[in-house]
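Below is one structure; the comments refer to it alone.
The values are calculated or read from the model by the stated rules, or taken from the named source; none is laboratory data. Just so you know, these numbers come straight off a predicted model, no measurement behind them. In this analysis, Cβ positions are derived from the backbone assuming ideal geometry, glycine residues included, and neighbour counts consider all displayed protein chains. Just so you know, the surface numbers come from the protein's heavy atoms only, side chains and all, with ligands and any DNA or RNA stripped out. Shrake-Rupley method; radii C 1.70, N 1.55, O 1.52, S 1.80 Å.
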Amino acid sequence: MAKAKGTEPPRLWARVIVGCGFFAVTIALIAAATISVHYATWRQRPVMAEGRVNVIVPKGTSWSGVVDLLAEAGVVTQPRYFDFWGRQEGLPSRVKAGAYTFEGPLAAADLARMLSEGGRVAEIAVTVPEGFNIWAIAARLDEAGLVNRTQFLAAVRDPSALAKAGITGESFEGYLFPDTYRFATGSTAPQIVDRMYQRFVEVYTELGNPPELHGLNLHELVTLASIVEKETAAAAERPLIARVFYNRLAINMKLQTDPTCVYSEERWSHPPTPADCKDPLNRYSTYVVARLPPGPIAAPGKAALQAVLHPDASPDNEGVLYFVAIGDGSGRHTFSRTLEEHNAAIKQLIVNRAGP
């Protein structure tokens, strides 16, 4: 009897497909067995054979990020195996940030224990001098490797953080207390801003923390303190400098202080010029605006804050309205009551600079 046409090819293809499937399953089983054996071998050996490695795990690092850090440092040579094993052991929820020193030979269980106990907190010391503004602070933090400039400037201008702190200004300028800080590696920009602000609150509270004084609210007091900070390096003169500004405010006289003329991201590192001071669009120039600028121009230190809270009250300095630098490198000034006296002091300064 003749075979039906077309019957053999389908049967042939069926046998081929079955054969291929069997082959694929066989290969898969062999691969799985190989991996199983390889994984079992890995389990019996140290994850780190030898050497000494320092690894910093920043705060907020994911488990996958931790595995990547360990692999890059050479602590684990089979990151996929360690990732799988760690998840089986519940490590992702137990790993702590910090600075670790791993020394081989190191077993997986010992590595897991160290990561669960946490390393020492790595810190970076940063000094913020009196008179630094937000751009100078941003640059210093960036140089120290803590946070980049853009992140910091965004944090100091964050409206929600300002509202929470009760600051009416456009940024935390003036409220980031100048001091030496030790920030944990991995600190975020908002955390750094909050730490510096809390230090300001602490110091200001020590000084009495008056809600309003000399007719000024807190924001105006901090603004004036920042100007006093920028005007003199002679600590003993700060109360008298503050007195001069209070005297001017009392008679609605412009403060006319040069450091306010260059408070901007573009100009802050440049010396002030007459054009800067007289620019009618300069919101911070006290040659243009009446009374105080919109906010602080730098970070005042404790002495400057103390000066605006307790300005010089000597009767001998009543009515003092002017001051000019002596020019001898001391940072001190000559103070005057009248414009005539002030102009004479300026002439004397010119003579002194000219020399014999």
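Considering L153, L207, L115, L141, the condition of being over 29 Å from V66 (Cβ atoms), surrounded by 15 or more Cβ atoms within 10 Å (Cβ to Cβ) and touching a helix residue (DSSP H, G or I) at 6+ places or on another chain (Cβ under 7 Å) is satisfied by L153 alone.
For L146, the requirement of being surrounded by 15 or more Cβ atoms within 10 Å (Cβ to Cβ) and closer than 30 Å to N247 by Cα is not met. Taking the range 318-333 as the range and being surrounded by 14 or more Cβ atoms within 10 Å (Cβ to Cβ), farther than 12 Å from T232 by Cβ and modelled with pLDDT under 85 as the test, only G327 passes. Within the range 323-344, the only residue that satisfies the criterion of being in contact with a Phe, Trp or Tyr (Cβ under 9 Å, 6 or more places away or on another chain), part of a helix (DSSP H, G or I) and among the charged types (D, E, K, R) is E341.
Residues in the range 210-238 that are closer than 16 Å to E130 by Cβ and open to solvent by 40 Å² or more (accessible area, probe 1.4 Å) were compared, and the one that is modelled with the lowest pLDDT is A233. Kindly evaluate V95 against the criterion of being assigned to a loop (DSSP other than H, G, I, E, B), under 32 Å from the mean Cα position of the chain (by Cα) and surrounded by 19 or more Cβ atoms within 10 Å (Cβ to Cβ). Criteria met by V95. Of all residues in the range 76-92, those satisfying the criterion of being surrounded by 15 or more Cβ atoms within 10 Å (Cβ to Cβ), assigned to a loop (DSSP other than H, G, I, E, B) and either touching a residue at least 60 places away in the same chain (Cβ under 8 Å) or not hydroxyl-bearing (S, T, Y) (or both) are V76, Q78.
Among the residues making up the range 156-193, those that are farther than 20 Å from L224 by Cα, open to solvent by 20 Å² or more (accessible area, probe 1.4 Å) and hydrophobic (A, V, I, L, M, F, W, C) are A161, A163, A184.
Of the residues L249, L162, which is at pLDDT below 95, of a type in the set (A, V, I, L, M) and in a helix (DSSP H, G or I)? None of the others qualify; the one that does is L249.
Out of the range 244-258, which residues are closer than 13 Å to F323 by Cα and surrounded by fewer than 22 Cβ atoms within 10 Å (Cβ to Cβ)? Can you show your working first?
So in the range 244-258, the residues closer than 13 Å to F323 by Cα come out as 244-245, 247-248, 255-258.
N247, R248, L255, Q256, D258, listed by residue number.
None of L146, L111 is assigned to a helix (DSSP H, G or I), closer than 24 Å to V53 by Cα, in contact (Cβ under 8 Å) with a residue 40 or more places away in the chain and of a type in the set (A, V, I, L, M) except L111.
Given the criteria open to solvent by 40 Å² or more (accessible area, probe 1.4 Å) and of a type in the set (A, V, I, L, M), does A73 qualify? Spell out the reasoning first.
Working: open to solvent by 40 Å² or more (accessible area, probe 1.4 Å): no; of a type in the set (A, V, I, L, M): yes.
Criteria not met by A73.
The test for being assigned to a strand (DSSP E or B), farther than 25 Å from G295 by Cβ, out of contact with any Cys (no Cβ under 6 Å at 6 or more places or on another chain) and not charged (D, E, K, R) does not hold for A71.
Mind listing whichever residues of the range 159-214 are touching a strand residue (DSSP E or B) at 6+ places or on another chain (Cβ under 9 Å) and aromatic (F, W, Y)? Outline the logic, then answer.
At the first step, the residues of the range 159-214 found to be touching a strand residue (DSSP E or B) at 6+ places or on another chain (Cβ under 9 Å) are 168, 178-187, 191-192, 195-196, 199, 211.
If the condition is that a residue be touching a strand residue (DSSP E or B) at 6+ places or on another chain (Cβ under 9 Å) and aromatic (F, W, Y), then Y181, F183 are the ones that fit.
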